[in-house]
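The values are calculated or read from the model by the stated rules, or taken from the named source; none is laboratory data. None of the values given here were measured: they were computed from a predicted structure. Note that we place each Cβ from the backbone using ideal geometry, even for glycine, and neighbour counts take in every protein chain shown. The area values use the complete protein model at the heavy-atom level, side chains included, leaving out ligands, DNA and RNA. Shrake-Rupley method; radii C 1.70, N 1.55, O 1.52, S 1.80 Å.
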Amino acid sequence: MRLVTVELSGKAVAGLLLNDQVIDLAAAARQCGEAVDASSVLALIQAGEPALQALKRITARAAELSALARPLGSVRLLAPIPRPTRNVFCVGRNYADHVKEGAVAQKADIKLPTVPQFFTKATHAVNAPEGDIRLDPQVSEKLDYEVELVVVIGKTGRDIKREQAFEHVFGYSVGNDVTARDLQRRHEQWFKGKSLDTTFPFGPAIVTRDEVANVQSLELTLSVNGERRQQGAVSQMIFDIPVLIEFLSAGLTLEAGDIIATGTPSGVGYAMDPPRFLANGDVVEASITGLGTLRNRVVAAGSR
Ligand code: MG
């Protein structure tokens, strides 16, 4: 199943994406007599297995729900979780070729991490799948992109062992970990450079785990104005999803609805020679096979 959040009459509502149609899930639950809280995608995730079963029954009855369906092209998509309850967990330097390009760009020795490097992005960084990315030259002149596989936690837990890790995964999505490189370097600690408003386009849907046969086989790509910049495969991660969840959840409770951005492959703008940063009007497209595409325009502050 593909869960989306769309804006209907100025309100964010949870939707089921089926064959390019969006079905209002709260209305569908009412019509199907399901008692599940479908007021938001987050509420559905937090309701756990009973909600997942209700969603499956609703999906099976989709043909009866055509009066609730709207063409995807006619609605505005928001991020599937427009405002997470806490920061987005992120993983730095999780693809070897990206570690190497970073070391070369910074004239440092190439040293692969031996444990995952975690940081977070502030909740207000979350942006819609086609939302504008704000570029304020007064704040940063070095805005960069990073396509990433996003893992959404479905079952709360602590000290999760890698063998059980997938049981805690609700689903997957696409993220773009837009980064102000100058702030990331200047402040040393990455939080500031990773947390500017609109710098985490995420979506277009959360695809439930059962729909992804082999997450390792997924491929990530990113283009700027149609020019391919990044290409990689989830199988190239230094620390795979079970290992990331084991490390992150050690002594730290992961909650249903938590979002983990799992790192980016090579091809980022700052590591190009010469470096190329995002500029006003650029269109950034980030895709993962089977999960969808984010398409975001960079808009300079005051230009619209
Ligand atoms: Mg990143």
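For the subset of the range 65-101 comprising residues that are open to solvent by less than 40 Å² (accessible area, probe 1.4 Å), more than 11 Å from the ligand (Cβ to nearest atom) and part of a helix (DSSP H, G or I), which member is nearest to Ser195 (Cα to Cα)? The residue in question is Val99. On the stretch given as the range 157-191, residues that are in contact with a Lys or Arg (Cβ under 9 Å, 6 or more places away or on another chain) and either in a helix (DSSP H, G or I) or of a type in the set (Val, Ile, Thr) (or both) total 13.
Taken over the range 89-142, the criterion of being aliphatic (A, V, I, L, M) and closer than 21 Å to Ile259 by Cα is satisfied by Val91, Val115, Ala122, Ala125, Val126, Ala128, Ile133. Return the total of residues in the range 108-141 being crowded, with 18+ Cβ neighbours inside 10 Å and basic (Lys, Arg). So the count comes out to 2. Residues in the range 37-64 that are assigned to a helix (DSSP H, G or I) and open to solvent by 80 Å² or more (accessible area, probe 1.4 Å): Gln46, Glu49, Pro50, Lys56, Arg57, Ala60, Ala63, Glu64. Within the range 110-125, residues that are free of Cβ contacts under 8 Å to residues at least 24 places away in the same chain sit with their Cβ atoms under 8 Å from residues that are not small (Gly, Ala, Ser), at 6+ positions apart or across chains, in these pairs: Ile110/Val99; Ile110/Lys100; Ile110/Val104; Lys111/Val99.
Of all the numbered requirements in (1) within 16 Å of the ligand (Cβ to nearest atom); (2) in a loop (DSSP other than H, G, I, E, B); (3) among the acidic types (Asp, Glu), Glu148 misses one, and that requirement is (2). I'd like the full set of residues that are acidic (Asp, Glu) and crowded, with 17+ Cβ neighbours inside 10 Å, limited to the range 142-175. Asp144, Glu146, Glu148, listed by residue number. If you go through the range 188-223 and keep only what is within 16 Å of the ligand (Cβ to nearest atom), open to solvent by less than 70 Å² (accessible area, probe 1.4 Å), more than 15 Å from Arg83 (Cα to Cα) and not hydroxyl-bearing (Ser, Thr, Tyr), you end up with Trp190, Gly193, Lys194, Leu220, Leu222.
Among the residues making up the range 170-187, those that are within 14 Å of Asn127 (Cβ to Cβ) and within 12 Å of the ligand (Cβ to nearest atom) are Gly175, Asn176, Asp177, Val178, Thr179. Run down Gly232, Gly257, Gly226 and say which single residue is out of contact with any Cys (no Cβ under 7 Å at 6 or more places or on another chain) and under 22 Å from Pro84 (Cβ atoms). Selected residue: Gly257, the only one of Gly232, Gly257, Gly226 that is out of contact with any Cys (no Cβ under 7 Å at 6 or more places or on another chain) and under 22 Å from Pro84 (Cβ atoms).
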